[in-house]
Amino acid sequence: MQLSAKTLEKLRIIINGDNTADYRKGYELVSFFNHLGFNDVYAQGFPSRWAYTDEKLQQINGKPELDKCIRNTFAVVNYIGRIAELDNLIAEFNQYLAFDKWVVIRDNDTITFKRLDKVIVNSGKSATAEIKEDEFLKMPFDVNVDSLGLDSNVGEIIKLRLKEVETCIGGGASLASILLIGSIMEGILLGMATTYPQQFNRTSCAPKDKDTGKVRTFPNWTLNNYIDAASEVGLLKQDVKKFSHIVRDFRNYIHPYEQMSTNFFPDKHTALICFQVLKAAINQIGTFRKDQQGGHRQ
């Protein structure tokens, strides 16, 4: 199994367990990877935990040891009494793994892998409808920027950026297109936040100032905040929300050093999927707005 740098980064976060009950200390990480065939010693001069795990994952990427690593990471025996937590963790990881065309499956106490040729998106049929990847890429989402009800000047900028995304993808500038897609998504969600300020500010995920405890002003929200709040308000459905977070992660590669540290070089296929996620988001938000104006939502 050969995984992308972004998926390996997510795997590293899960293995290290930062800010969770499964936090692994340095010597525990050494033990974890020694079970995969390494012969490391935890001693003075040990690198940072994230650097160590990143290095080990890069060394086993594409080798049978990576499969064993993932199985050990999600070993059911380590989640006795909290299987639901394990399933949520696997589902979260699968959102990244989907871009590598693999999926982790838990069958009772066994962790297996399946080659993935499908992505799960909301098609209007059902929240869990599975659509073949090529079918998803061909789906004609209604990308009507005017349906979003944005400020006219912002709306025109969004339209220009959408055209530029198409130009970038057609010209092989995959990274540039993904960065633009992330910026468009953030611009649209900021517009929705200003349109529905009370709903966004009342969400459980609204970011608050540490000193005052008050909800931050919208310009100080992150794209992560916007996506979670938009989902809670009802603008984005669950599947599009999950894939939107992946687009958000990719957008962070606007920083050259971040890209260098993970050796992330997206291809046209990844760019096209991200573009479809944006189109699906615009479609869902437009539908929400139409329902609101028609009085179907309270």
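The values are calculated or read from the model by the stated rules, or taken from the named source; none is laboratory data. Remember, it's a predicted structure, so these values are computed and weren't measured experimentally. Every residue, glycine among them, receives a Cβ derived from its backbone with ideal geometry; neighbour counts consider all protein chains shown.
Return a yes/no flag: does the stretch 230-249 have any residue that is farther than 19 Å from Asn283 by Cα and of a type in the set (S, T, N, Q).
No, there is no match, as no residue in the stretch 230-249 is farther than 19 Å from Asn283 by Cα and of a type in the set (S, T, N, Q).
Can we say Asn144 is closer than 14 Å to Ile282 by Cβ and loosely packed, with under 15 Cβ neighbours inside 10 Å?
yes
Taking into account only those residues within the stretch 162-194 that are in contact with a helix residue (DSSP H, G or I) (Cβ under 8 Å, 6 or more places away or on another chain) and β-branched (Val, Ile, Thr), which is surrounded by the most Cβ atoms within 10 Å (Cβ to Cβ)?
Ile181
Here is a yes/no grid of residues against (1) more than 27 Å from the chain's Cα centre (by Cα); (2) in a loop (DSSP other than H, G, I, E, B):
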position: Ala21; (1), (2): no, yes
position: Glu28; (1), (2): yes, no
position: Ser31; (1), (2): yes, no
position: Gly37; (1), (2): yes, yes
position: Ala43; (1), (2): yes, yes
position: Gly62; (1), (2): no, yes
position: Arg71; (1), (2): no, no
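When you go through Ile111, Ile70 one by one, which is the residue that is among the hydrophobic types (A, V, I, L, M, F, W, C), surrounded by 15 or more Cβ atoms within 10 Å (Cβ to Cβ) and at pLDDT 95 or above?
Going through Ile111, Ile70 in turn, the sole match is Ile70.
For the stretch 1-26, which residues satisfy the criterion of being within 26 Å of Arg115 (Cα to Cα) and free of Cβ contacts under 8 Å to residues at least 24 places away in the same chain?
Ile13
Out of Ser231, Ser204, report the one residue that is polar (S, T, N, Q), surrounded by 14 or more Cβ atoms within 10 Å (Cβ to Cβ) and in contact with a helix residue (DSSP H, G or I) (Cβ under 9 Å, 6 or more places away or on another chain).
Ser231
Return the pair list, or none, for Cβ contacts closer than 9 Å from residues in the stretch 27-48 that are touching a residue at least 12 places away in the same chain (Cβ under 8 Å) to residues that are exposed (fewer than 10 other Cβ atoms within 10 Å of the Cβ) and not charged (D, E, K, R), at least 6 apart or on different chains.
Hits for this filter: Val30/Val41.
Determine, yes or no, whether Gly45 is surrounded by fewer than 19 Cβ atoms within 10 Å (Cβ to Cβ) and touching a Phe, Trp or Tyr at 6+ places or on another chain (Cβ under 8 Å).
no
Restricting the search to the stretch 240-298, which residues are at pLDDT below 80 and of a type in the set (Ser, Thr, Tyr)?
Correct list: Tyr253, Tyr257, Ser261, Thr262.
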